[in-house]
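The values are calculated or read from the model by the stated rules, or taken from the named source; none is laboratory data. Worth saying up front: this structure is predicted, and the values here are computed from it rather than measured. Heads up, the Cβs are rebuilt from the backbone with ideal geometry, glycines too, and the neighbour counts pull from every protein chain shown. Note: areas computed on protein heavy atoms with side chains; ligands, DNA, RNA excluded. Shrake-Rupley method; radii C 1.70, N 1.55, O 1.52, S 1.80 Å.
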Amino acid sequence: MEMTARFAHLDTKVDGRNCDGLVNHNGETTEIRVPLTHMGKRLSPIEGGNLYRLRDRKFLLEDKKRLCAWALGTAVLGFLLMVLHAELCPVVYQPGSIYALSINGLISFSTGCLLILIIAFHYKDIRLFIIDHNQVDWRIAMTSNRVLGISLELIVCAIHPVAIYLRPDMEERQAGKPEQNSSTPLCLSSSHKEVMLDVELLLSALMFLRLYLVHRAVLLHSKVLLSASYRSIGSLNNINFTFRFVLKVLMNKYPARTLLVFILFFWLSAAWMLRLCERQQQVETGGMDTALWLIAITFLTVGYGDVSPHTSCGKVVCLFTGVMGVACTAMLVAVMTKKLALNKGEKHVHFFMMDIQISKRLRHAAANVLRECWLLHRATQTKDSSGEHRHHQRCLLEAIRVFRHLRLKQRKLRDFASEMVDLSKMQMIMCDLSANWNSSYHELEQRIISMEQKLDELGRSFQNTSELLTQALHRRRLDHR
């Protein structure tokens with residue numbers, strides 16, 4: 001026993017630490033916690049197993065959410081700098097000045113940061129795909145659709161105004177020639193060609209395409225995707241948690257708020273784009289107030305005709321605004337219809353009260369028919385004038401018509417109410433009927449068992465009685481002998 005205890009004590013000592021996480025200090029044991037991995041180091045999915053795969057998947061989802069938020073913020077920053085530059089350049093500072101070059105440099109710098117964030121986001125997405133499918137080669141995840149999507153995103157995010165860097169008028173400005181900047185709609189000098197103005201306008205308008213990052217941020221930051229219960233129930237029902245599903249959830253929970261935010265943002269954005277397009281021709285629609293009015297009447301499909309766009313770009317903006325106005329009007333009608341519709345309880349109460357009122361009117365109509373019949377019979381028996389007789393006949397026919405109309409109305413109401421089957425109520429009724437049938441079956445079974453027992457007792461009693469009679473007859477015969 002002493003040798004066994006000694007060897008056991010020696011085996012547990014390994015550099016002052018045992019395998020169970022206990023450290024011996026003068027015969028006393030202290031529990032410590034040893035991390036599974038080193039600080040700042042992650043194990044690969046193959047080395048760590050399923051638990052480490054789940055941990056890495058959680059970290060990658062958090063990194064994707066963080067990168068998407070930073071990318072959206074960078075895109076909005078570049079977009080705001082572009083708007084600020086387009087508004088201030090012809091008025092506050094001159095084209096080619098240090099302020100114009102600084103703002104354009106900030107726009108280009110934010111564009112470069114956005115491209116880096118997009119690449120990092122897709123890198124995390126590929127790693128997440130590898131973990132989900134237990135693959136080790138990243139080239140398996142690079143399908144043609146994924147490569148095409150990444151390329152389109154990089155092209156869209158790389159679009160920004162670059163005509164300021166060309167500056168073909170540098171020699172003229174160095175020679176001291178004055179510039180006429182009153183007719184230039186963007187931050188370009190007057191020596192630029194018309195093609196450069198159109199290119200600058202097109203690149204400025206295409207920066208609105210960066211707002212596609214909003215739907216990705218909404219999807220990654222939504223409670224639907226972050227909730228484990230949502231994901232579990234959705235996977236059981238084969239539901240893909242895409243932006244379409246999240247948008248449907250938002251429209252069901254906050255329909256008015258979602259539509260209001262979208263309409264206001266679209267109204268301001270379309271008005272500014274129309275102003276940017278119309279400033280090229282120096283027309284009245286180049287003002288922000290007139291652009292807001294034109295976008296509003298186009299969005300509402302009113303079209304008073306007092307103002308109209310003059311440029312091709314402005315016409316395209318107004319055409320797109322009209323299409324979006326029709327779509328938003330349809331969604332608004334659907335939302336209002338859903339809000340004004342009665343729920344199941346309200347419908348049941350409404351139809352029940354309508355049925356009571358129609359039944360009451362139907363009884364009154366039946367009473368009127370009987371009364372008019374009696375009056376007509378009395379007029380016939382007393383042989384009154386033909387005018388009074390015809391009057392009672394007309395009253396009788398009118399009472400019969402009202403009675404039939406109410407009967408038809410009551411039948412339609414009950415048919416419509418019978419179509420609204422409350423499934424939960426029907427399920428409760430069926431459950432109650434099933435419970436009653438089960439209880440009746442058990443009661444019948446108990447009664448049958450009791451009847452069998454009584455029949456067995458009755459059979460035994462008959463057998464005992466027959467034995468007693470046999471014994472009594474045997475004794476009587478002996479006595480008779």
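In segment 407-419, which residue that is at pLDDT below 85 and loosely packed, with under 11 Cβ neighbours inside 10 Å is farthest from Lys347 (Cα to Cα)? In this case the residue turns out to be Asp415.
For segment 123-182, filtered to residues that are of a type in the set (Asp, Glu) and at pLDDT 85 or above, the residue that is surrounded by the fewest Cβ atoms within 10 Å (Cβ to Cβ) is Asp125. Residues of segment 335-366 being open to solvent by 80 Å² or more (accessible area, probe 1.4 Å), modelled with pLDDT of 85 or more and not aliphatic (A, V, I, L, M), which ones? Matches in segment 335-366: Gln357, Lys360, Arg361, Arg363, His364. Can you pull out every residue in segment 95-110 that is free of Cβ contacts under 8 Å to residues at least 60 places away in the same chain and in contact with a helix residue (DSSP H, G or I) (Cβ under 6 Å, 6 or more places away or on another chain)? Those that are free of Cβ contacts under 8 Å to residues at least 60 places away in the same chain and in contact with a helix residue (DSSP H, G or I) (Cβ under 6 Å, 6 or more places away or on another chain): Ile103, Leu106, Ile107, Ser110. Of the residues Asp306, Asp355, the single one that is acidic (Asp, Glu), farther than 28 Å from Lys253 by Cβ and without any contact (Cβ under 8 Å) to a residue 40 or more places away in the chain is Asp306.
Mind listing just one residue for me: the one in segment 95-117 that is within 12 Å of Ala158 (Cβ to Cβ) and β-branched (Val, Ile, Thr) and, of those, modelled with the lowest pLDDT? Per the stated criteria, the residue is Ile107. Of all residues in segment 367-406, those that are outside any helix (DSSP H, G or I) and surrounded by fewer than 13 Cβ atoms within 10 Å (Cβ to Cβ) total 2. Regarding Gln427, is this residue under 30 Å from Gln357 (Cα atoms), in a helix (DSSP H, G or I) and of a type outside the set (Phe, Trp, Tyr)? Considered against the rule, which asks whether it is under 30 Å from Gln357 (Cα atoms), in a helix (DSSP H, G or I) and of a type outside the set (Phe, Trp, Tyr), Gln427 comes out as yes.
Being basic (Lys, Arg), out of contact with any strand residue (DSSP E or B) (no Cβ under 9 Å at 6 or more places or on another chain) and either modelled with pLDDT under 85 or exposed (fewer than 14 other Cβ atoms within 10 Å of the Cβ) (or both) is not true of Lys315. Exactly one residue out of Asp306, Asp289 is more than 30 Å from Arg407 (Cα to Cα), of a type outside the set (Ser, Thr, Tyr) and under 37 Å from the mean Cα position of the chain (by Cα): that is Asp289. If the condition is being touching a helix residue (DSSP H, G or I) at 6+ places or on another chain (Cβ under 7 Å), at pLDDT below 85 and not small (Gly, Ala, Ser), then segment 48-94 contributes Tyr52, Arg53, Asp56, Arg57, His85, Cys89, Tyr93. Just one of the listed residues (Leu67, Leu81) is surrounded by 16 or more Cβ atoms within 10 Å (Cβ to Cβ) and free of Cβ contacts under 8 Å to residues at least 40 places away in the same chain, and it is Leu81.
Scanning segment 380-398 for any residue that is in contact with a Phe, Trp or Tyr (Cβ under 6 Å, 6 or more places away or on another chain) and not polar (S, T, N, Q) turns up nothing.
Inclusion of Arg231 among residues that are surrounded by 13 or more Cβ atoms within 10 Å (Cβ to Cβ), charged (D, E, K, R) and free of Cβ contacts under 8 Å to residues at least 12 places away in the same chain is warranted. Checking each residue in segment 309-346 for being under 26 Å from Leu250 (Cα atoms) and not hydrophobic (A, V, I, L, M, F, W, C) picks out Thr321, Gly322, Gly325, Thr329, Thr337, Lys338, Lys339, Asn343, Lys344, Gly345, Glu346.
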